[in-house]
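First the structure, in the form of structure tokens, and then the observations on it.
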Amino acid sequence: MSEGLTLGKTDGDELLEKYLFILCNRESERTYRLKNDAGEGLMRDYEVAKGIRLIYSEIESYDPLVTDQKKFLNYLEIMYMVEGHAEFEMENRRVASADKGDVCIFNSRVATRKCSVGKGGMRCLSIIVMIDLLETFLNRMFDTNEFNRHTMFKEALEAGSCICVPAGEKVGNVFSQLLQLPEKHADFHRKLLVAEALLCLMGIGDGKTSDFRYFSGDTGNKVHAARKILGEDIASDISVEELSDRVGLNRTTLQRVFKQMYGVTTFEYRTQVRMQEAKNLLLNDSVSVTEAAGLCGYSNASKFAAAFKKVFGVTPSKWRNELL
């Protein structure tokens, strides 16, 4: 996805300046705003170690930065979807889809040529790894010679498309911690957690990783359809039974796989979608809180305000007043 950013501070500076505005430039951290021709959003870029970067992205739209320089690099981008949905079309025309809680691994042979971001945008964390330098990083960190550049992530590096799987609880927890680093010793925590994420994911694609639970493609597609239904008409109520009937899955399977794929229940996901739309509505001062409540599917403003406060910590009125 982030072909320009994978090049790091040496080879990539010229490309970054072409497509991104630098908002913050510190010793180990840079913040960029995408220019119009690259999309809309922000990226924070942290140097974890030589050849290893962590990138936090909040993206509303994105046009991948195509560059011939990637042909000369042996790298992986490991992307964890924090929120939202995106579909990636590779240069070889294969397509991958990612939703909240998914891990996607791109290698330099299957760079993205097109990225379609969902209506609500997406938030993701990406670990960019130069494989040749990863060997040195891990062997020094753990004082060993066990890690070999020719065997690490071998299947992922040779894959003909992006690998995309549910992260699972363990990997999801590691990325969640990366989003909530303590202020003290943040750089050290970041380095340890990135190393842990890499160790957990190193067997991905070779059938040996036990942390990943799989389900049939047909079931995944039906659960994906259920997620789309929940996000399309937020003003209408739909029960789990109705949702199950519409997508052709029994209720138990739908609830289990939905939670596995997205990390939340169908009810929690529905609430998240409604609350995000509520924020969009409240940005318009001509829409009252009561009207916003109705448009988001709440029968009265009190229930709406309670749900809003539970998610965001403030009432809709207070949120609007502070913003406007």
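Taking into account only those residues within region 204-222 that are assigned to a loop (DSSP other than H, G, I, E, B) and among the hydroxyl-bearing types (Ser, Thr, Tyr), which is modelled with the lowest pLDDT?
Of everything passing the filter in region 204-222, Ser210 is modelled with the lowest pLDDT.
Consider Ile22 carefully, then state whether it is at pLDDT 70 or above and either aliphatic (A, V, I, L, M) or in contact with a Pro (Cβ under 6 Å, 6 or more places away or on another chain) (or both).
no
Please identify the pairs in which a residue from region 309-324 that is free of Cβ contacts under 8 Å to residues at least 12 places away in the same chain and over 15 Å from Leu283 (Cβ atoms) has its Cβ atom under 9 Å from the Cβ atom of a residue that is among the small types (Gly, Ala, Ser) and assigned to a helix (DSSP H, G or I), counting only partners at least 6 apart or on another chain.
Short answer, once both residue conditions are applied: Thr315/Ala305; Thr315/Ala306.
Residue by residue through region 95-109, note down the ones that are among the small types (Gly, Ala, Ser) and part of a strand (DSSP E or B). Give the derivation first.
Filtering region 95-109 down to residues among the small types (Gly, Ala, Ser) leaves 96-98, 101, 108.
Those that are among the small types (Gly, Ala, Ser) and part of a strand (DSSP E or B): Ala96, Ser97, Ala98.
Return the pair list, or none, for Cβ contacts closer than 7 Å from residues in region 151-176 that are free of Cβ contacts under 8 Å to residues at least 40 places away in the same chain to residues that are of a type outside the set (Phe, Trp, Tyr) and not in a strand (DSSP E or B), at least 6 apart or on different chains.
Every condition considered, the pairs that remain are Val174/Leu193; Val174/Glu196; Val174/Ala197; Val174/Cys200.
Report every pair of residues separated by at least 6 positions or lying on different chains whose Cβ atoms are under 7 Å apart, first residue within region 180-191 and within 15 Å of Tyr56 (Cα to Cα) and in a helix (DSSP H, G or I), second at pLDDT 90 or above and among the hydrophobic types (A, V, I, L, M, F, W, C).
Within 7 Å, the pairs are Arg190/Val48; Arg190/Leu54; Arg190/Leu178; Lys191/Val48; Lys191/Ala49.
Please tell me if Glu291 is surrounded by fewer than 16 Cβ atoms within 10 Å (Cβ to Cβ) and without any contact (Cβ under 8 Å) to a residue 60 or more places away in the chain.
yes
Suppose we filter region 128-151 for residues that are in contact with a helix residue (DSSP H, G or I) (Cβ under 6 Å, 6 or more places away or on another chain) and buried (at least 19 other Cβ atoms within 10 Å of the Cβ); how many remain?
2
Condition first: among the polar types (S, T, N, Q) and either in contact with a strand residue (DSSP E or B) (Cβ under 8 Å, 6 or more places away or on another chain) or loosely packed, with under 14 Cβ neighbours inside 10 Å (or both). Now tell me which residues in region 239-264 satisfy that.
Listed by number, the residues that qualify are Ser239, Asn250, Thr252, Gln260.
For Glu322, work out the one condition from (1) at pLDDT below 85; (2) under 21 Å from Asp99 (Cα atoms) it doesn't fulfil.
Going through (1) at pLDDT below 85; (2) under 21 Å from Asp99 (Cα atoms) one by one, Glu322 breaks only (2).
When you check Ala98 against the structure, is it surrounded by 16 or more Cβ atoms within 10 Å (Cβ to Cβ), in contact (Cβ under 8 Å) with a residue 40 or more places away in the chain and aliphatic (A, V, I, L, M), yes or no? Show your work before the answer.
Details: surrounded by 16 or more Cβ atoms within 10 Å (Cβ to Cβ): yes; in contact (Cβ under 8 Å) with a residue 40 or more places away in the chain: yes; aliphatic (A, V, I, L, M): yes.
For Ala98, the condition - surrounded by 16 or more Cβ atoms within 10 Å (Cβ to Cβ), in contact (Cβ under 8 Å) with a residue 40 or more places away in the chain and aliphatic (A, V, I, L, M) - is met.
The values are calculated or read from the model by the stated rules, or taken from the named source; none is laboratory data. Bear in mind that the values here come from a model prediction, so they are computed numbers and not experimental data. So basically every Cβ, Gly included, is an ideal-geometry build from the backbone, and we count neighbours across all protein chains shown.
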